[in-house]
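The values are calculated or read from the model by the stated rules, or taken from the named source; none is laboratory data. Here the structure is a predicted model, which is why all the values come from computation and not from measurement. Cβ coordinates were reconstructed from backbone atoms using ideal geometry, including for glycine residues, and neighbour counts include every protein chain displayed. Surface areas here come from the heavy atoms of the whole protein model, side chains and all, with no ligands, DNA or RNA. Shrake-Rupley method; radii C 1.70, N 1.55, O 1.52, S 1.80 Å.
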Amino acid sequence: MNRKIINFIKKKNKSKIISLSVYSKNIASIIDRHCDLILVGDSLGSVLYNFSSTKKVTLDMIIEHSKSVRMGVKKSLMVVDMPHNTYRNPKEALSNAKKIISKTKCDAVKLEGGKKVVQIINTLIKNKISVMGHLGLLPQSATSFKFKGKETAERKIILRDSKLLEEAGVFSIVLECVESSLAKEITKTVKVPTIGIGASVHCDGQILVTDDLIGLNKIKARFVKRYSNIEKQINDAVLNYKKDVVANKFPTKKHSY
């Protein structure tokens, strides 16, 4: 486990952890100033490619975006999602995780699931690959996108899985759309940081997709809060450019050779 991850774990119960998902160098270089963790998420499938689910994201796709993000990340911990069907067994997971790390120079990979992926996580960690867990709503396998932890049986499974992931050696766990009191219980129970998305203020940190946060993506999700309307700013800039070109005001001598 590298020093960055050790310091990240130490943030638990001391300071809130700031995380965002991003897919390119230019945006990464901005948010890196403020984040503790930057995730290259397979959410890029729906955000950038308009896929109906994250299941269509390939290993090569996420590697190329991660290579771009890496160029913009200087201080934050950088984590890369392992796409759907790239970690179906320990051998496949190890091969693909090594490929991701060697090509992107990221600090860790993230896997979705609990008990089913414990053996895979064990294998990765034994091979000195740091792993972030992900419980609650699991986009790579979900059939319905509803919050998790309402029913007693489901709560018990998610709580059990959080303990199993901790025992397996994950350095952090994303809790996606997990009922608030359950997220609070998990956060108090496990010794590693929990990162929430739609999982209440009780988590050790929060994560959002940057495109959602700045208003570039039109997603309608309860857990999204828009902090900017970048779409309007882009529209205004392009409109002003158009007006200058039509009026023969651009390019001027200053912008010509």
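Entry note: segment 106-257 has Rg to Rh equal to 1.22, where both radii use alpha-carbon atoms and Rh is the Kirkwood radius. Per residue, the solvent-accessible area of segment 120-257 (1.4 Å probe, heavy atoms of protein chains only, all protein chains present) comes to 60 Å². For the chain, the antiparallel share of DSSP beta bridges with both residues in that region comes to about 5%.
Would you mind computing Rg(Cα) / (2.2 N^0.38 Å) for segment 176-257, counting N as its residues? Present the calculation step by step, with values, prior to reporting the outcome.
On the way: Rg = 21.6 Å, N = 82, 2.2 N^0.38 = 11.7 Å.
In units of the 2.2 N^0.38 Å rule of thumb, it is 1.84.
Out of Ile6, Val209, Ser24, whose Cα points farthest toward the positive end of the dipole of the chain (charges: +1 Lys, Arg; -1 Asp, Glu; placed on Cβ)? In the chain, that residue is Ile6. Is any residue of segment 150-173 close enough, with backbone N under 16 Å, to a label point placed 7 angstrom from the Cα of Ser141 along the Cα-Cβ axis, and if so, which? Residues 154-166 fall inside that zone. The relative contact order of segment 1-70 comes to 32 percent, based on Cα pairs under 8 Å that sit 6 or more residues apart.
Leaving out ligands, DNA and RNA, what percent of the accessible area of the chain is carbon and sulfur, probe 1.4 Å? Kindly include the intermediate steps, with their values, before the conclusion.
Working: 7610 of 14030 Å².
Here carbon and sulfur together make up 54 percent of the probe-accessible area.
When the C-alpha to C-alpha distance is required to be over 29 Å, the pairs from Lys25/Lys184; Lys56/Lys146; Lys25/Lys116; Lys4/Lys103; Lys16/Lys150; Lys99/Lys148 that qualify are Lys25/Lys184; Lys25/Lys116; Lys99/Lys148. Centroid-to-centroid, using Cα positions, segment 182-209 and segment 90-138 are 20 Å apart.
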